[in-house]
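I have placed the structure first, in the form of structure tokens, so that the comments after it can refer back to it.
We did not get these values from a lab; they are worked out from the coordinates using the rules stated. Keep in mind it's a predicted model, so treat the numbers as computed, not measured. FYI the Cβ positions are ideal-geometry reconstructions off the backbone, even for glycines, and counts take in every protein chain you see.
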Amino acid sequence: IIIGGLGFIVWIDLAKTKKLSRLTLHTKIVFIMTGILLTAGTLIYLIFESSNTMSAMPWHTKLLNAFFHSVSARTAGFSTLPVEKMNIASSLSTIILMFIGAAPGSTAGGVKVTTIFVLATTVISFLRGYNEVQVLKKRIAAEIIYKSISIFVLGITLVIITTGVLLAKNEGTLLETFFETVSAFGTV
């Protein structure tokens, strides 16, 4: 699942590049974001589900399940725990991971890890008072920033409108409907 989530662009770059320091900025961003999301997701599921859906499991099984859900929520949508019984914080985390998805050119949907990375670094640069966005000593072009904002806003808009339409048809609770809408958007 992780290999598929990295995307063909990353695998081609890895196959062509002899030194890790010469990997493209895209590949480095994908690895950074994948690591952050896998770690954060695993920790969130451990914190909120250890005493809930994983309460009867030994520690190593809890860790494995938390990691699996962190991986699967962004790409495959498989589950080893009863999703309908998860804590609301875990459900929200799953929604966020599904919305983000994986890397461009991957087998996953979502707005993509590179989009979120560009948005996050843009916000950080703005808060620090910088006039341009730089990542690993490389400037991010304004066009890329505008595309990232557009993708994010269009994604959120589509999810909100679809959730509203489904709720108007009384298709379930807000959380259930929002969860299913983001799942469809992220192809999870």
Fill in the blank from the handout: Quick calc, the chain, dipole around Cα centre from Cβ unit charges on Lys, Arg (+) and Asp, Glu (-), nearest 20 debye, gives 960 debye
Practice task
Excluding residues fewer than 8 places away in the same chain, name every one of the lysines whose C-alpha is closer than 18 Å to that of residue 62.
Solution key: 85
Fill in the blank from the handout: The simple spin-label model distance between residue 16 and residue 40, using points 7 Å out along Cα→Cβ, in nm, is 3.0 nm
Exercise for the section: Quick one: which residues, 5 or more positions from residue 135 or on another chain, have an amide H under 5 Å from its amide H? H modelled 1.01 Å from N in the peptide plane, none for Pro or chain starts. Expected result: 140
Exercise for the section: Treating the angle as unsigned and between 0 and 90°, give the value, to the nearest 10°, between the Cα long axis of helix 59-72 and the longest Cα principal axis of the chain. Expected result: 60 degrees
Problem - Label-point separation in nm, residue 128 to residue 143, each point 7 Å along Cα→Cβ - result: 2.5 nm
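Under the 0.36 nm per residue contour assumption, what length would be gained going from the current alpha-carbon distance of residue 153 and residue 120 to full extension?
Details: separation 33, 0.36 × 33 = 11.88 nm, distance 1.41 nm.
Here the answer is 10.5 nm.
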Problem - Integer Hz, Karplus 6.51/-1.76/1.60 couplings in order for region 138-145, x for Gly and Pro - result: 10, 7, 8, 5, 4, 4, 5, 5
Practice task
On a 0 to 90° scale, report how tilted helix 25-49 is relative to the longest principal axis of the chain, with both axes built from alpha carbons and the result rounded to the nearest 10.
Solution key: 20 degrees
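Over the chain, what relative contact order in percent results from Cα pairs under 8 Å that are six or more residues apart? Each step should come with its number before you reach the end.
Details: 242 pairs, mean separation 43.4, N = 188.
Reported as a whole number, the value is 23 percent.
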Fill in the blank from the handout: Burial-style ranking of 1-14, 18-31, 133-146, average other-beta-carbon count within 10 Å with highest first, yields 1-14, 18-31, 133-146
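What FRET efficiency comes out for residue 51 versus residue 1 if R0 is 25 angstrom and r is the Cβ-Cβ distance? Round to the nearest 0.05.
Numbers: r = 26 Å, r/R0 = 1.06.
For residue 51 and residue 1, the calculated efficiency is 0.40.
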Handout entry: Shape call, the chain: gyration tensor on alpha carbons, a/c limit 1.5
Key = oblate
Problem - Distance between modelled label sites at residue 168 and residue 87, nm, 7 Å Cα→Cβ extension - result: 3.6 nm
Completion exercise
For the table 112/147; 28/147; 19/138; 112/169; 28/138, the rows whose alpha-carbon distance is greater than 22 Å are 112/169
